[in-house]
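Here is the structure we will look at.
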Amino acid sequence: MSSRQEMQKAVGDDYDVIVVGAGINGAGIARDAALRGLRVLMLDRDDIAFGTSSRSSKLIHGGLRYLEQYKFGLVMESVTERGLLLRQAPHLIKALPFIFPVYHGGPQPLWLLRLGMLAYDALSGFRSPKLHRVLSPVGCALAEPALRTSGLQGAPRYFDAATDDARLTLATVIDGIAAGVHVLTWTRVCGLCHAQGQVCGVEVEDSIDGSRRVFKAHVVINAAGPWLDEICRLDAPEMPPLLRCTKGIHIVVRKERLPLSNAVVCLHPEDGRVLFAIPWGDRTYCGTTDTDDSGRPEEVRATRADVQYMLAAMANYFPGCQLEEADVLSTWAGLRPLVAPSPAERLSASQVSREHSIVVSSRGLVTVAGGKLTTYRKMAAEVVDKAQGVLRQRGYVAGGKRPPTKKRPLPGRWEGSGDPVVAVVQASQGRMTRDVARGLVEVYGAGATGVAERVARDASLGALLSASPATILAQVDHAVEAELAATLCDFFVRRTQIFFRDVHQGLEALPVVAERMQKICGWDDARRRHEEARYRAEVARSRQWRED
């Protein structure tokens, strides 16, 4: 892996494939294509996982609610991919127990949920992390003492998984780079190149220094997520939108204000929308909404109405906690780039399919829309298959067969037999505590030893930036020099979870991190002030709901 500056020097002018978008879909596509032997360049107008892929519910799940819509194929595909990811990236994908409380007068009787759980286990080939069981009201009270017991009939307890969505995307990018992918972040596609009526490259603008450049390619893949229609219009201005974007928001509170051991499935008392309350270390987060939104993806935010909607659901399920607006530490919001249904279907936002669609335009632009975080690997393979078809039609060598991504681990999987926490402490030459080492292992897996070695070389890099999550100064160096971080927002929001979980959202550590990044990246004072202002604005946007 390299820094952004080093990557800028490494890129060439011509590629087999250019992938537009470095979210989870783009990352999976670029990795898959490179593993087939194709020369790949991936571009993003912002950072890796900037959009939807760092603003999801952070779950790797089969989609239990899709059983109600008879989407058995989607559920089977999802639970299969969930199992693969648990094996490929155990440092990033963690099994998580869910409780689905059922109350008298609820929309689904307990017996029906029992059948649904049996189907859910069966579709996974009975290979879930653990098979479901149904808790009695007493069992529910023991498992989750804060849960409302009035009218409680019982609760199925089943297993899905949780992840750090931004770092899952980053790990996929890192593996792609190991296979030969070149990556340029903060590089906006402002035009498509055409030859003989076919797309043959892109014109880009560096979002940081304003420079422009043209890259040629035999095929261009549009995986730009919620910006997807903008890229399509560069190819065909008259093309109708492919997407129907819906907004999902989440709120974060201290664990002591909403103490949970299991994720809890909640049906909102107003509209029956499925929500989750999810344990997250010493924090708990709750989400998500599902409302139509046609705004700019980079400007989407939680509103006061969104936060109040979420708090109303929590008050219904956890009345003793008495959560208030003052308890909300942070929020995040993102847009789901869903495939637009036909107007005749008249579906609500929650009813829009999460399945994906691959479209090849008359000029050869390959576009992928929709999909789920959980199934990104399989979807990527299908997109590259389609791109190879375009390459063959144009008379180019299309690369090899599908690579064995079902078996290929993602970077960071711990392969040793010893305790990784002990190994990290030893790599730091005893200069960090077990708690800090444990936090590094949770973030980087086996890669934590590389961060610890920085501390061994320079003890000052062991300085603590945040207690929750435990983050040290060495991680700034690692983010810039090994993870393509180029801005303060990259570090605080997507390389770490400080933005979400720190009680001050990183503002207290901002001067220290800015000084360190200035030194590593060679910023002048004006650039440093600009970066600090941009991060403060990001924090302010996440808090703007309080002023609504």
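The values are calculated or read from the model by the stated rules, or taken from the named source; none is laboratory data. Every value quoted in this text rests on a predicted model; they were computed, and no experiment measured them. Heads up, the Cβs are rebuilt from the backbone with ideal geometry, glycines too, and the neighbour counts pull from every protein chain shown.
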(message) Here is a check on your reading of the model: is Ser542 surrounded by 15 or more Cβ atoms within 10 Å (Cβ to Cβ) and touching a strand residue (DSSP E or B) at 6+ places or on another chain (Cβ under 8 Å)?
(response) yes
(message) Against the condition outside any helix (DSSP H, G or I), over 28 Å from Val539 (Cα atoms) and of a type in the set (Lys, Arg), how does Arg431 come out, does it pass?
(response) yes
(message) Consider the range 151-172. How many of its residues are hydroxyl-bearing (Ser, Thr, Tyr) and at pLDDT below 95?
(response) 1
(request) Kindly check whether there is at least one residue in the range 437-456 that is at pLDDT 95 or above, of a type in the set (Ser, Thr, Tyr) and over 20 Å from Ala161 (Cβ atoms). (result) yes
(message) Please go through (1) in contact with a Phe, Trp or Tyr (Cβ under 7 Å, 6 or more places away or on another chain); (2) closer than 30 Å to Leu96 by Cα; (3) part of a loop (DSSP other than H, G, I, E, B) for Thr149 and return the number of the only condition it doesn't satisfy.
(response) (1)
(request) Taking only the range 20-44 into account, find how many residues are surrounded by 24 or more Cβ atoms within 10 Å (Cβ to Cβ) and assigned to a loop (DSSP other than H, G, I, E, B). (result) 5
(request) Taking Arg536 as the residue in question, decide whether it is closer than 30 Å to Tyr309 by Cα, part of a helix (DSSP H, G or I) and either at pLDDT below 95 or in contact with a helix residue (DSSP H, G or I) (Cβ under 6 Å, 6 or more places away or on another chain) (or both). (result) no
(request) Could you list, in sequence order, all residues of the range 52-110 that are hydroxyl-bearing (Ser, Thr, Tyr), surrounded by fewer than 23 Cβ atoms within 10 Å (Cβ to Cβ) and touching a Ser or Thr at 6+ places or on another chain (Cβ under 6 Å)? (result) Ser57
(request) Could you give me the residue pairs with C-beta distances under 6 Å whose first residue belongs to the range 290-310 and is free of Cβ contacts under 8 Å to residues at least 40 places away in the same chain and closer than 21 Å to Pro226 by Cβ, whose second residue is surrounded by fewer than 18 Cβ atoms within 10 Å (Cβ to Cβ) and not small (Gly, Ala, Ser) wherever it lies, and which are 6+ apart or on separate chains? (result) none
(message) Being in a helix (DSSP H, G or I), within 29 Å of Trp186 (Cβ to Cβ) and either acidic (Asp, Glu) or without any contact (Cβ under 8 Å) to a residue 24 or more places away in the chain (or both) is the requirement here; does Ala446 meet it?
(response) no
(message) I need a count of the residues in the range 483-532 that are out of contact with any strand residue (DSSP E or B) (no Cβ under 8 Å at 6 or more places or on another chain) and either assigned by TED's automatic domain parsing to the domain that holds Pro279 or among the basic types (Lys, Arg) (or both).
(response) 7
(request) Scan the range 353-366 residue by residue and report those that are of a type outside the set (S, T, N, Q) and either surrounded by fewer than 21 Cβ atoms within 10 Å (Cβ to Cβ) or not in a loop (DSSP other than H, G, I, E, B) (or both). (result) Arg354, Glu355, His356, Ile358, Val359, Val360, Arg363, Gly364, Val366
(message) Filter the range 187-242 down to the residues that are β-branched (Val, Ile, Thr), assigned to a strand (DSSP E or B) and within 24 Å of Asp385 (Cα to Cα) and list them by number.
(response) Val189, Val199, Val202, Val219, Val220, Ile221
(request) Examine the range 377-393 for a residue that is basic (Lys, Arg) and over 30 Å from Leu335 (Cβ atoms), and state whether such a residue exists. (result) yes
